Every structure is written in C-alpha cells, then in structure tokens.
Amino acid sequence: MSDLKIAIILGSTRPGRNGAAVAEWVLERAANREATYELIDLADFPLPHLDEPVPPSMGSYTNDHTKAWAEKIGAYDGFVFVTPEYNHSTSGVLKNAIDYLYAEWNNKAAGFVAYGSLGGARAIEHLRGISAELQIADVRQQLSFSLFTDFENFSTFAPGPQHQAAADTLFDQLEAWAGALKPLRAA
C-alpha cells in the first residue's frame, strides 16, 4: 500500500477553528503508515460559492480555481474528511469544496473525523450520503471528538487515549478500500 496517497481535508476555515488541531493530530497518527498522508487545508483553496456554469459531473471545468482544485484532489486515492458539526451537518465550506468536483472523487475511499457537542456524528451522517452520490466508498470506522471531553475549555484539543486504536482501525479500513478501488480508476 506504499503507493497510496491519502488526503486529510480540513473542512473548516473559520477564525479560531478547532479543526486545525484535530487535523494535525490525525496527520501525526498517520505518520508511520505505509500510505502517504497529506494535509489539505481548505483555507489554502479559497473557492467561491460554486460558480461553474455546468454540473461537475460533465467534467467541463472553466475556472482556474476549479481546475487547480480538481488537479489537487485527483492526485489522491482516498480521503479523511475532518469536519466540525454546524447546525446538525458539515460545514458549508467543506460541502462547497466537495460540490465543485465529480470524477476526481469517484471510486476512491473516505474516512470521517468529526468534532462537536455530540462528536460530530450528524455531520458524518450527512457526509456519508454525499459520498454515496459521488461514488466514494466510505469506511465504517469514524472518529468522533466531543467538545465536552476531548477539548479543554472547548478550544484546546486534548483527546483521550482511546482514540488512538480507533484511528488505527480507520486507517486500516481506509487503506484497504483505497487499494481495492485503485484498479477501477486505472480501467
């Protein structure tokens, strides 16, 4: 699996976001894996609200920001989406970034890491439905961090040790699925 590339997509851009610490923690846990994990911060890809004239499934991108985003995402075999839970769903910036593309997501695998008052569970459930439409195979294991127990003062990330085993399982499942789907993309 050493040829697998997995993107950890940080799905929050708001000032003072908790997601940066969560995404860095995920990246650190993945450092000794055979697959290569890289962090993509959506703050580095300031996509306006979807502004392509035709649906992404047509594969006819016209804007330079869309082409750059497509090139970035197209290079990966799988994804770890790190999302806050806002209003019982994922963040608008992550949903917008996902909606920009289609083929670049197809036949790839995804895992989910969320945080919020209920561990971001509802954000993950919404992302699972979105993933199905984009032909992303999402793995069962997820990581859910509670603002009450995994953050000090709701802002300093301090996850409990039980999350390490869950992270390892998520990585195992993600890498297995990403590897299994790779031949579909080569065909």
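Identify the residue in the stretch 76-102 that is part of a loop (DSSP other than H, G, I, E, B) and of a type in the set (Asp, Glu) and, among all such residues, is farthest from ALA7 (Cα to Cα). Break it down stepwise before answering.
The initial filter retains those residues of the stretch 76-102 that are part of a loop (DSSP other than H, G, I, E, B), namely 76-77, 85, 87-88, 90-91, 100-102.
Then keep just the ones that are of a type in the set (Asp, Glu); that gives 77, 85.
Numbers: ASP77: 8, GLU85: 20 Å.
So the residue we want is GLU85.
For the stretch 147-187, name all the residues that are touching a Ser or Thr at 6+ places or on another chain (Cβ under 8 Å), in contact (Cβ under 8 Å) with a residue 24 or more places away in the chain and surrounded by fewer than 18 Cβ atoms within 10 Å (Cβ to Cβ).
PHE148
Is it fair to say GLY16 is exposed (fewer than 11 other Cβ atoms within 10 Å of the Cβ) and not polar (S, T, N, Q)?
Details: exposed (fewer than 11 other Cβ atoms within 10 Å of the Cβ): yes; not polar (S, T, N, Q): yes.
Taking the combined requirement at face value, the residue satisfies it.
Please indicate, with yes or no, whether at least one residue in the stretch 38-58 is crowded, with 17+ Cβ neighbours inside 10 Å and in contact with a Gly (Cβ under 8 Å, 6 or more places away or on another chain).
Yes, the stretch 38-58 contains a residue that is crowded, with 17+ Cβ neighbours inside 10 Å and in contact with a Gly (Cβ under 8 Å, 6 or more places away or on another chain).
Six or more apart or on different chains, Cβ atoms under 7 Å: show the pairs whose first residue is in the stretch 41-55 and within 26 Å of GLU24 (Cα to Cα) and whose second is assigned to a loop (DSSP other than H, G, I, E, B).
From residues that are within 26 Å of GLU24 (Cα to Cα), the pairs are LEU42/GLY11; LEU42/THR13; ALA43/THR13; LEU47/TYR100.
Applying the selection to the stretch 19-36, what residues are in contact with a strand residue (DSSP E or B) (Cβ under 6 Å, 6 or more places away or on another chain), of a type outside the set (Val, Ile, Thr) and either closer than 27 Å to PHE154 by Cα or part of a helix (DSSP H, G or I) (or both)? Show your work before the answer.
Of the residues in the stretch 19-36, the ones in contact with a strand residue (DSSP E or B) (Cβ under 6 Å, 6 or more places away or on another chain) are 19, 21-23, 26-27, 30, 35-36.
Filter once more, keeping what is of a type outside the set (Val, Ile, Thr): 19, 21, 23, 27, 30, 35.
GLY19, ALA21, ALA23, LEU27, ALA30 - these are the residues of the stretch 19-36 that are in contact with a strand residue (DSSP E or B) (Cβ under 6 Å, 6 or more places away or on another chain), of a type outside the set (Val, Ile, Thr) and either closer than 27 Å to PHE154 by Cα or part of a helix (DSSP H, G or I) (or both).
Scan the stretch 84-96 and give yes if some residue there is touching a residue at least 12 places away in the same chain (Cβ under 8 Å), more than 23 Å from HIS65 (Cα to Cα) and loosely packed, with under 15 Cβ neighbours inside 10 Å, otherwise no.
Narrowing the stretch 84-96 to residues touching a residue at least 12 places away in the same chain (Cβ under 8 Å): 84-86, 88-91, 93-96.
Right, trim to more than 23 Å from HIS65 (Cα to Cα) and you get 84-86, 88-89.
Remaining after also requiring loosely packed, with under 15 Cβ neighbours inside 10 Å: 88.
Scanning the stretch 84-96 turns up at least one residue that is touching a residue at least 12 places away in the same chain (Cβ under 8 Å), more than 23 Å from HIS65 (Cα to Cα) and loosely packed, with under 15 Cβ neighbours inside 10 Å.
Identify all residues within the stretch 103-124 that are outside any strand (DSSP E or B), free of Cβ contacts under 8 Å to residues at least 60 places away in the same chain and under 21 Å from GLU175 (Cα atoms); write none if there are none.
Of all residues in the stretch 103-124, those outside any strand (DSSP E or B) come to 103-107, 117-124.
Subsequent filtering for residues that are free of Cβ contacts under 8 Å to residues at least 60 places away in the same chain retains 103-105, 117-124.
Correct list: ALA103, GLU104, TRP105, ILE124.
Each value in this text was obtained by applying a stated rule to the coordinates, not by laboratory testing. Bear in mind that the values here come from a model prediction, so they are computed numbers and not experimental data. Positions of Cβ are backbone-derived with ideal geometry, glycine not excepted, and every protein chain shown enters the neighbour counts.
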